[in-house]
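Chemist: To start, I am sharing the structure in question, which I have written as structure tokens.
The values are calculated or read from the model by the stated rules, or taken from the named source; none is laboratory data. These figures come from a predicted structure and were not determined experimentally. All Cβ positions, even for glycine, are placed from backbone atoms using ideal geometry, and neighbour counts span all protein chains on display. To get the accessible areas, we keep the full protein, side chains included, count just its heavy atoms, and leave off ligands, DNA and RNA. Shrake-Rupley method; radii C 1.70, N 1.55, O 1.52, S 1.80 Å.
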Amino acid sequence: MMRVLRTAHAWAGAVLCLLLAVLGLSGSLLVFEDAYLRLVMPQGRAAPSLAPDDLGQALDLIETRFAEEGLRYVAIGDEGFGLHKAVFHDGGAAYVTGDGEVAARWAKNGRIEDWLFDLHHHLLAGDTGEVVSGAAGIAAIVLVVTGLVIVWPSLKNFAWRVWPRSTARRDLVASHRDLGVIFAVPILVLSFTGVAMVYSGPVKSMLYAATASGPSPAPERPAAGEGEVDWTAFFETAYGAYPEGAPRIAVLPQKPGAPVYLRLRQPMEWHQNGRTYVYIDPATSRVISTVDAQGLSRGDRVFNALYPLHSSGVGGFVYKLITFLTGLALTGLGAVGTWSFLIREARAQKRRAQKRSVATTSFQG
């Protein structure tokens, strides 16, 4: 049984090596996206004013500037990166200052951070790539679990070593074992949370059962009137509903009769973009519906915590560093494991060739 498990683990790892390396490396780089943006874009180093007057003026300028370009929503800057991000229906985006100055404008995947995000979440292949990346996350969980079962008898030889002593196969195998044991828990956490983002339905069902709670009631969304959004009044109204909430994403009406809404992050929320919603009628600037993230069911609150766990939205610098190193470890596990496997297969083929040669010689004799 153990021999079958070892062979299956080795072949699965060899096949998935490249895919897991792509996901691991891209995820590692995305951990420090805000730091990179602050480095290359000095305008984003200062947090923007979130006062209704200032934020309302900024949204007015953004909407006017990009009215003809299919503006979808605006991600509001914060202390991590102070520029607002206008996102368009075609996948393009722009960074804009609070004064309406366009700091950068690009087409879909036209900047490295957007390209990495698409690579990590969709493998640059849309919905199909997202499904594949989710399946790779499931495979990573299976590989970690089977790997731990395989190395359990040899844990007495475990050492806190992440780099092989040499390229000899025994040292590669030892390094693969040690690296896998050290990063087993972080890989399981990041893989599971990543899978949850892709296969949210089954994961939510599992969480509802585990927490003995059902899904939260769907929010009422009465039809809204049509009109120009008064962005200052919009933010004043939203702040009135949740005074302690930090504005994160303002979404424009997507069709006639649809509301404009704001996502906010309340103090107890982990999710970077918040899961608190305020729906507002653009014609009257009145609240027509709300969703309080802290009033959701236990299952939904747990699910909402998975994305920040996956993307290092909580835990500060230490957790970011662990996530970064885990992505590199996932890449290293695939590379070292596959290389040692190929060495073994090459030796096995050489032995089989020698046996055939001996057999042929004996027959001829």
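Chemist: In the Gaussian network model of the chain, springs joining C-alpha atoms below 10 Å, which of Ala209, Ala293, Ala184 carries the largest mean-square fluctuation?
Modeler: For the chain, modelled as a Gaussian network with Cα springs under 10 Å, the answer is Ala209.
Chemist: Sticking with this structure for a sec: Quick check: the angle from helix 184-198's long axis to the longest principal axis of the chain, C-alpha only, nearest 10 degrees?
Modeler: 50
Chemist: Would you compute, for the Cα atoms of the chain, the largest minus smallest coordinate along each principal axis and list the three values in descending order, in whole Å?
Modeler: 98, 46, 38
Chemist: Another question, if that's okay. Using a 1.4 Å probe, what is the accessible area per residue for the stretch 158-270, in Å²?
Modeler: About 54 Å² of surface per residue is accessible.
Chemist: Excluding Val22 itself, calculate the net charge of residues whose Cβ lies under 14 Å from the Cβ of Val22, where each Lys or Arg counts +1 and each Asp or Glu counts -1.
Modeler: -2
Chemist: Okay, moving on. If I build a Gaussian network model for the chain, linking alpha-carbon pairs within less than 10 angstrom, which residue out of Pro48, Pro267, Pro186 has the largest mean-square fluctuation?
Modeler: Of Pro48, Pro267, Pro186, the most mobile in the Gaussian network model is Pro267.
Chemist: Could you work out the local net charge near Arg65, counting Lys and Arg as +1, Asp and Glu as -1, over the other residues with Cβ closer than 11 Å to its Cβ?
Modeler: Counting the neighbours of Arg65, the net charge comes to -4.
Chemist: Straight distance only, please: which aspartates and glutamates reach the Cα of Lys255 with their own Cα at less than 12 Å, same-chain residues fewer than 8 apart left out?
Modeler: Excluding near neighbours in sequence, the set is Glu226.
Chemist: Tally Lys and Arg at +1 and Asp and Glu at -1 over the other residues with C-beta under 14 Å from the C-beta of Asn157: what net charge comes out?
Modeler: Neighbour charge sum, excluding Asn157 itself: +3.
Chemist: Output needed for the stretch 277-318: three equivalent-ellipsoid semi-axes, defined as square roots of 5 times the C-alpha gyration tensor eigenvalues, in descending order, whole Å.
Modeler: So the three semi-axes of the stretch 277-318 are 30, 14, 7 Å.
Chemist: Hey, what's the stretch 14-82 come to in accessible area per residue, 1.4 Å probe, Å²?
Modeler: Value for the stretch 14-82: 50 Å² per residue.
Chemist: Right, another one. For the stretch 123-230, what is the relative contact order in percent, using Cα pairs closer than 8 Å and at least 6 residues apart in sequence?
Modeler: Computed value for the stretch 123-230: 29 percent relative contact order.
Chemist: Per DSSP H run of at least 4 residues, take -39500 (n - 2.57); add these up for the chain, divide by its residues and hand me the 222 nm value, nearest 500 deg cm²/dmol.
Modeler: -19000 deg cm²/dmol
Chemist: Can you spot the aspartates and glutamates whose alpha carbon is less than 12 Å from Lys108's alpha carbon? Ignore those fewer than 8 places along the same chain.
Modeler: In chain and number order, the partners are Asp90, Asp118.
Chemist: Given a 10 angstrom Cα cut-off, can you work out which residue in Arg263, Arg38, Arg170 is the most mobile in a GNM of the chain?
Modeler: Arg170
Chemist: Let me ask something additional. What part of the accessible area of the chain, given as a whole %, is carbon or sulfur when the probe is 1.4 angstrom?
Modeler: Roughly 61 percent of what the probe reaches on the chain is carbon or sulfur.
Chemist: Moving to a separate point now. In whole Å, how far is the Cα centre of the stretch 275-290 from that of the stretch 124-149?
Modeler: Between the Cα centres of the stretch 275-290 and the stretch 124-149 lies a distance of 38 Å.
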